[in-house]
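One structure is given below, encoded as structure tokens.
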Amino acid sequence: MVVDFLIIGQGLSGTVLAQTIESKSLTYHLIDRNEKITSSKVAAGIMQPISFKRCILSWRGEEFFNFSNSFYLQSEKLFNTKSYKKLKLVRLFSSFEEQNNWMGKSTNPIYSPILGTKNSFLKNICNDFGNSQVKTCAQLNVKKYIEDARHYFLSKGRLSNEEFKESNLEYNGELFTYNGITSKRVIMCQGVNSQNNKIFDYLPIIPNKGELIDIRTNKLPNFMLSKGVFTVPIKENKFRVGSTYNHKDIIAKISLKAKNELLNGLNKITPIKNLNIIEHKFGFRPTTIDRKPIMGAHPEIKNMYIFNGMGSKGVLMAPLLSKELLDHILRRSEINSIVNVNRFFKKYSLEHSNYAKNLFSF
Ligand SMILES: Cc1cc2nc3c(=O)[nH]c(=O)nc-3n(C[C@H](O)[C@H](O)[C@H](O)COP(=O)(O)OP(=O)(O)OC[C@H]3O[C@@H](n4cnc5c(N)ncnc54)[C@H](O)[C@@H]3O)c2cc1C
């Protein structure tokens, strides 16, 4: 079998990329080891363009949001999945300063389509400094999206459920062959496991541990609240509370520290006595030192690419960035320098170069 693209990793990044390739009527094959716990499988899936700390639009926030909104509606048709929905999000202000900053910005034409101005009455909720709505917010059930996509890929024979080992990848300077599949290009979408792939291990993909708890209560509203932590409805009287960020803790299990952090945050939204915690989960986000994704070509191995480092905004950014990566590969268009892998070229040492040369004998 000969395909246009071999994609390593079927998390959010690999799945979005495969969908984008398919929309261009090109061919692909995915390899994924179907791990139980990955960043994508625990993600809350929230997509909104505001960075709350300073109440500013995140980098290309509105552009990403609009593109992703259409993209996930297309996914529902292609993968026959119901995994995407608009979500009401109310920000609870933590101070008068935050409230003033928000209200000032909400009259600015750039922010007025995004920041609401109305204060909602919220029963049971600590709301001393008021609140307002983010008008552009949606949620992708990432676990469902990648599971439904997985069934689609398997039914079409486009996914191998196995561990990828770079030592088994053959390369003749143009084409790659892996376990009988020949491909014109390889794109690595391995999330934090990129650290264990020597082809790209010069890149600073940093695991950032995130934890969430699912709780049962009738004290929270049926929409998302944000104030330090967020609460988001899952089912009737069932809510998800998230998320923690910790780049120092690399232990692959849930922690008491994170649970307490989430409970303290929840307590500032609404104090709940005898809280019923149903589940506690963790995952490692693939983050980077400059908090921007990494995409583009390997410095020496022709037709080898990476698409990674989505951090905490994969749902928002992956669709448009995957299109831009493909435009670069197929039409030689420039990759935005902020996300271009070549910003880390200085980290590519002689040792890395020798490894690549030995691996593929070039
Ligand atoms: C607690 C938490 C909450 C989050 N909430 C949000 C949120 O609300 N909104 C948002 O946008 N983002 C959120 N994120 C971040 C989001 O999960 C990531 O941005 C995104 O899912 C990363 O996807 P990925 O495909 O790049 O990586 P991953 O999800 O890690 O996928 C990589 C895939 O590659 C596979 N793989 C790796 N190596 C190999 C190999 N050698 N062989 C075979 N397969 C391999 C893995 O098994 C995996 O399936 C959250 C993350 C966490 C941890």
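The values are calculated or read from the model by the stated rules, or taken from the named source; none is laboratory data. None of these values were measured; they are calculated from a predicted model. Every residue, glycine as well, gets a Cβ built from its backbone with ideal geometry; the counts of neighbours run over all protein chains shown. Ligands, DNA and RNA are stripped out before the accessible areas are found, and what is left, the full protein with its side chains, is counted by its heavy atoms. Shrake-Rupley method; radii C 1.70, N 1.55, O 1.52, S 1.80 Å.
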Please give the net charge around Leu330, taking every other residue with its beta carbon less than 12 angstrom from that of Leu330, where Lys and Arg add +1 and Asp and Glu add -1.
-> +3
Debye log10 I(q)/I(0) at q = 0.12, 0.22, 0.24, 0.25 Å⁻¹ for the range 206-288, Cα point scatterers = -0.33, -1.00, -1.14, -1.21
Whole-Å semi-axes of the ellipsoid equivalent to the chain (Cα gyration tensor, √5λ, descending) | 38, 21, 20
Tell me the Kirkwood hydrodynamic radius of the range 1-73 in angstroms, computed as one over the mean inverse distance between distinct C-alpha pairs.
-> 14.5 Å
Where both residues lie in the chain, what percent of DSSP beta bridges are antiparallel, nearest 5?
-> 70 percent
Computed over all unlike Cα pairs, the Kirkwood hydrodynamic radius of the range 233-362 in Å stands at 18.4 Å
Order the peptides 139-149, 270-280 from the highest to the lowest mean number of other Cβ atoms within 10 Å of their residues.
-> 139-149, 270-280
Rank these by accessible area, largest first, 1.4 Å probe: Trp102, Trp59.
-> Trp59, Trp102
For a quick protection proxy, order the peptides 189-199, 125-135 by their average other-Cβ count within 10 Å, most packed first.
-> 189-199, 125-135
How large is the dipole of the range 127-263 about the Cα centre if only Lys and Arg carry +1 and Asp and Glu carry -1, each at its Cβ, rounded to the nearest 20 debye?
-> 480 debye
Size of electric dipole in the chain: Cβ of Lys, Arg +1 and of Asp, Glu -1, about Cα centre, debye, nearest 20 | 1100 debye
Taking every DSSP bridge whose two residues both lie in the range 167-245, the antiparallel percent to the nearest 5 is 100 percent
Furthest towards positive pole of dipole, His298, Trp59, Ile125, structure part the chain, Cβ charges | Ile125
Give the relative contact order (percent, whole number) for the chain; include only Cα pairs under 8 Å separated by 6+ residues.
-> 22 percent
Dividing the alpha-carbon radius of gyration of the range 301-362 by 2.2 N^0.38 Å, where N counts its residues, gives 1.32
Surface/4 estimate of mean projected area, convex hull on alpha-carbon atoms of the range 128-287, nm² = 13.4 nm²
Crossing angle, helix 350-360 versus the chain [Cα axis fit, 0-90 degrees, rounded to tens] = 60 degrees
Find which of Ser13, Ser155, His280 sits farthest along the positive direction of the dipole of the chain, computed with +1 on the beta-carbon of Lys and Arg, -1 on that of Asp and Glu, about the Cα centre.
-> His280
